[in-house]
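The values are calculated or read from the model by the stated rules, or taken from the named source; none is laboratory data. Values in this document were obtained by computation on a predicted structure and should not be read as measured data. Cβ atoms come from the backbone with ideal geometry, glycine included; neighbour counts cover every protein chain shown.
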Amino acid sequence: MRSRVDLTALRSLIGGARRRRLQIGWSQETLARHAGLHRNTVRLLESGDVDPSATTTVRLLVAVGASGFCVCDTCALPCFGQALDTDRADVDALCGQLGPAIRALRERIGWTIEHLAEQSNVHHNSVGMIERSEVHTETSTLIRLLRALDVNRLGWEPDACATRLRLH
């Protein structure tokens, strides 16, 4: 169940991407083309009426040049730094790293799946499926997991061989 804080964080994250789109002079259609999304998807995202999958959100953020996003108690905002020169397949591979990265961090701090589920208010079965990359998680769920794990920045960085996901 999403809370008001989750929706506020989601809207601030998508709102930051919208502001960036306007700064660079792109229409929703141009952004959709660069992100590999349908124009109507961008319209719905910017209206704040949907909770997109984390993959859709990352595609949108990468397309506008974000290098990740920052999470605090009440909001989430895109971070801009070294932009990726990547295609849709790379973004999908990057998103495939989300679950294993969450699992590695959870194990590093000594939490069980059940404890993370309790701290994030996400069902333990869902946490397990997210960690195993069996499902595409909603962005609001990802934000709740990151907050519970005390992660304040999720970023993606070019590496010598591939793009790597970083949790800070």
Within the stretch 54-71, the count of residues that are on the phi < 0 side of the Ramachandran plot and part of a loop (DSSP other than H, G, I, E, B) comes to 1
Within the stretch 122-146, how many residues are in contact (Cβ under 8 Å) with a residue 60 or more places away in the chain and farther than 15 Å from Thr55 by Cβ? 2
Evaluate the following for Ile143: is it touching a strand residue (DSSP E or B) at 6+ places or on another chain (Cβ under 7 Å) and part of a helix (DSSP H, G or I)? yes
Subset of the stretch 18-53, residues surrounded by fewer than 21 Cβ atoms within 10 Å (Cβ to Cβ), hydrophobic (A, V, I, L, M, F, W, C) and assigned to a helix (DSSP H, G or I), comes to Leu22, Leu44
Looking at the stretch 25-41 only, could you name the residues that are modelled with pLDDT of 95 or more and under 16 Å from Pro78 (Cα atoms)? Leu31
Every residue from the stretch 43-57 that is hydrophobic (A, V, I, L, M, F, W, C) and over 15 Å from the mean Cα position of the chain (by Cα): Leu44
What tally of residues in the stretch 103-133 results from selecting those that are under 27 Å from Glu46 (Cα atoms) and not small (Gly, Ala, Ser)? 3
The lone condition Thr74 fails out of (1) surrounded by fewer than 18 Cβ atoms within 10 Å (Cβ to Cβ); (2) touching a helix residue (DSSP H, G or I) at 6+ places or on another chain (Cβ under 9 Å); (3) of a type in the set (Ser, Thr, Tyr); (4) assigned to a helix (DSSP H, G or I) is (4)
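Okay, residues lined up against (1) closer than 18 Å to Ala76 by Cβ; (2) at pLDDT 90 or above:
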| position | (1), (2) |
| --- | --- |
| Arg108 | no, yes |
| His115 | no, yes |
| His123 | no, yes |
| Met129 | no, yes |
| Ser133 | no, yes |
| Leu142 | yes, yes |
| Leu146 | yes, yes |
| Arg153 | yes, no |
So which of Ala160, Ala93 ends up being among the aliphatic types (A, V, I, L, M), outside any loop (DSSP other than H, G, I, E, B) and at pLDDT below 90? Ala93
